[in-house]
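Worksheet: the structure to be examined is printed underneath.
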Amino acid sequence: MLGFSHTREWVYPQSIKGRFMTIRRWTFLGLHLLLLAAPWVMINGYPAILIDLPARRFYHFGYIFTPSDSIILLLLLWFAAFSLFFFTAIFGRIWCGYACPQTVFLESWIRPVELWIEGDRLTRKRRDARGWTFDRAWRKAAKWTVFMAVSVFLAMAMMSIFAGARELWTGRAGPVEYSLTAIIALFWFWDFTWFREQFCNYVCPYARFQSALADDESLIITYSTERGEPREAGKKAAQDGRCIDCNKCVAVCPQGIDIRDGFQLECIQCARCIDACSSVMNQLGHPTLVAYGSVAEEQGRKPRRWRPRTFVYGTLLLAIMVAVGVLVATRVPFEATVNRAPGSLYITDEDGSTRNTYLLKITNKDPSPEAIRYDISVSGLDGAEVISQPVELNTAESQTVPLVVRVPPDSQLDRTTEFEVSVTDGDGEIILRPTFKTGAEIGSTSP
């Protein structure tokens, strides 16, 4: 590994096949489909997933969220946080081994490219140990070229969530979007070519605080010292089902650790060592020595999936899910704000009527492809006349229109009177409460 006073020690993980690697590959495929396809899939004319920061809108599979939906977004963030706590308490570092972008991209793109161009573990180690030769140079150059292409591709895919896939991939995005894409691509290229497992060991905070989230009941990768020790090479150990010290579990580890030394902070729970040990021990007719387990099982206790912390986390997750469901179900599919027109307080017309002018802004968040018409009315001002132009909006469209409220001369209103502006679209209603100003004396009250 990289120490602050040591040189870089390269890890050469050997390729491996097995049950858990198959599960991971299918998981990686699903995550790639979500990343690559979601920005391209159009629902009601908008991407399935788009985080439009300049417009402050979040498009999520037909739903449109704006700053007025901050409580829903906050609850979703809490849901993500407590999900991390909940699943870590039960399954340990399952995120690191099966869903972290660092792991997903390395296993899906980088290691296959290395295997294709440079060969497997021993071939790469021997070639690198011989120093720089033409054979090593052209292979490194070819590998790094492919790494750069993969980095740009993944950076474009990630940036498509924020800039829109069609705009970004067809050259219609702005310089800011392409500059950010270049920064992301350079980060991934640096990570793929050099940093790699050091990110998990020295940078990622999850490895540090996951020990506070896990306990003796949490799932980890364990080595059976009772069955595996003493380890030794030879027929006797093979017949007894002990560790034959083949070091295959070490050779396949992407973090460069020996799981036989016990659980370590660097372990990302990817289960490569389980598949490696299984491939050896199954041939010898014995069960694997490396498997998913827990400290409780090592101590002879039955692990409990439901215990105080997982019960609390699960209850919180359920409560958040219910709250989000209720908020989404009762959510009004548009937002509206009203503000007094700048520089305007009130105007007295020739006939003695008093009018106030406001600016009414309506944003359509309804995913329906048809244009929505909005009705505007006021209450709380007797005899008030409302003057406003018709408002009809398409999905995600906003419009600001002047709203004039006029009361007759005989209206006995306070200097400041609160009233209600109702905006409806047939499916929901928003009530706004601006104030109406008149020329009445300060402190006067209506009879």
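The values are calculated or read from the model by the stated rules, or taken from the named source; none is laboratory data. Predicted model only: the values in this text are computed from it and were never measured. A quick note on method: Cβ atoms are made from the backbone with ideal geometry, for glycine too, and the neighbour counts reach across all protein chains shown.
Quick test of your reading of the structure: Gln399 fulfils all but one of (1) surrounded by fewer than 18 Cβ atoms within 10 Å (Cβ to Cβ); (2) touching a residue at least 24 places away in the same chain (Cβ under 8 Å); (3) out of contact with any Asp or Glu (no Cβ under 9 Å at 6 or more places or on another chain). Name the failing condition by number.
(3)
Would you pick out the residues in region 305-315 that are farther than 20 Å from Phe263 by Cβ, in a helix (DSSP H, G or I) and under 27 Å from the mean Cα position of the chain (by Cα)?
Phe311, Val312, Tyr313, Gly314, Thr315
If you check Arg126 against the conditions, is it touching a helix residue (DSSP H, G or I) at 6+ places or on another chain (Cβ under 8 Å), surrounded by fewer than 18 Cβ atoms within 10 Å (Cβ to Cβ) and farther than 20 Å from Phe28 by Cβ?
Criteria not met by Arg126.
Which condition number does Trp194 fail, the rest of (1) at pLDDT below 95; (2) surrounded by 15 or more Cβ atoms within 10 Å (Cβ to Cβ) being met?
Answer for Trp194: the failing condition is (2).
Can you pull out the helices (runs of 4 or more DSSP H) entirely within region 194-304 that have at least 2 residues that are in contact with a strand residue (DSSP E or B) (Cβ under 9 Å, 6 or more places away or on another chain)?
272-284, 295-298
Quick one: count up the residues across region 174-213 that are under 15 Å from Ala157 (Cβ atoms) and among the charged types (D, E, K, R).
Here the count works out to 1.
Let's see how each residue does on (1) assigned to a helix (DSSP H, G or I); (2) surrounded by fewer than 17 Cβ atoms within 10 Å (Cβ to Cβ):
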| residue | (1), (2) |
| --- | --- |
| Ile16 | no, no |
| Ile23 | yes, yes |
| Leu74 | yes, yes |
| Phe87 | yes, no |
| Thr103 | yes, no |
| Glu107 | yes, no |
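Just give me the residues in region 109-123 being assigned to a helix (DSSP H, G or I) and either basic (Lys, Arg) or surrounded by 15 or more Cβ atoms within 10 Å (Cβ to Cβ) (or both), in sequence order.
The answer is Trp109, Ile110, Arg111, Val113, Glu114, Leu115, Ile117, Glu118, Arg121.
Test Pro409 against the stated conditions and say whether it is under 30 Å from Ile51 (Cβ atoms) and not in a strand (DSSP E or B).
no
Are any residues in region 357-396 surrounded by 13 or more Cβ atoms within 10 Å (Cβ to Cβ) and under 18 Å from Arg57 (Cα atoms), and if so, which ones?
Listed by number, the residues that qualify are Lys361, Ile362, Thr363, Asn364, Lys365, Asp366, Pro367, Ser368, Leu393, Asn394, Thr395, Ala396.
How many residues are closer than 19 Å to Gly428 by Cα and assigned to a strand (DSSP E or B) when one looks only at region 358-399?
Number of matching residues: 18.
List the pairs whose first member sits in region 281-304 and is closer than 15 Å to Cys243 by Cβ and touching a residue at least 60 places away in the same chain (Cβ under 8 Å), whose second member is of a type in the set (S, T, N, Q) and in a loop (DSSP other than H, G, I, E, B), and whose Cβ atoms are under 8 Å apart, counting only residues at least 6 apart or on separate chains?
Leu289/Ser224; Val290/Ser224; Ala291/Ser224
Quick check on Ser294: is it of a type in the set (Ser, Thr, Tyr), assigned by TED's automatic domain parsing to the domain that holds Ser160 and under 34 Å from the mean Cα position of the chain (by Cα)?
yes
More than 31 Å from the chain's Cα centre (by Cα) and either loosely packed, with under 15 Cβ neighbours inside 10 Å or over 30 Å from Phe82 (Cβ atoms) (or both): is that true of Thr348 in this structure?
So Thr348 fits the description; yes.
Find the residue count for region 39-72, including only residues that are in a helix (DSSP H, G or I) and either touching a Cys at 6+ places or on another chain (Cβ under 9 Å) or touching a residue at least 24 places away in the same chain (Cβ under 8 Å) (or both).
4
So which residues in region 164-178 are part of a helix (DSSP H, G or I) and either within 25 Å of Lys143 (Cβ to Cβ) or not aromatic (Phe, Trp, Tyr) (or both), if there are any at all?
Once the filter is applied, which keeps residues that are part of a helix (DSSP H, G or I) and either within 25 Å of Lys143 (Cβ to Cβ) or not aromatic (Phe, Trp, Tyr) (or both), region 164-178 yields Ala165, Arg166, Glu167, Leu168, Pro175, Val176, Glu177.
Scanning for something more than 30 Å from Arg8 (Cβ to Cβ), among the charged types (D, E, K, R), modelled with pLDDT of 95 or more and out of contact with any His (no Cβ under 9 Å at 6 or more places or on another chain), does region 108-115 turn up at least one residue?
The answer is no; no qualifying residue exists.
When residues of region 52-89 are filtered for being more than 30 Å from Ile268 (Cα to Cα) and either of a type outside the set (Ser, Thr, Tyr) or at pLDDT below 90 (or both), how many remain?
20
Please pick out the residue among Thr181, Thr145 that is over 16 Å from Gln102 (Cα atoms), of a type in the set (Val, Ile, Thr), under 21 Å from the mean Cα position of the chain (by Cα) and assigned to a helix (DSSP H, G or I).
Thr181
Output the number of residues of region 6-24 satisfying the condition of being at pLDDT 95 or above and more than 16 Å from Val252 (Cα to Cα).
Number of matching residues: 1.
Residue-by-condition table, conditions (1) among the acidic types (Asp, Glu); (2) at pLDDT 95 or above; (3) surrounded by fewer than 21 Cβ atoms within 10 Å (Cβ to Cβ):
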{"position": "Ala237", "(1), (2), (3)": "no, no, yes"}
{"position": "Cys249", "(1), (2), (3)": "no, yes, no"}
{"position": "Gln264", "(1), (2), (3)": "no, no, yes"}
{"position": "Arg272", "(1), (2), (3)": "no, yes, no"}
{"position": "Ser279", "(1), (2), (3)": "no, yes, yes"}
{"position": "Arg301", "(1), (2), (3)": "no, no, yes"}
{"position": "Thr310", "(1), (2), (3)": "no, no, yes"}
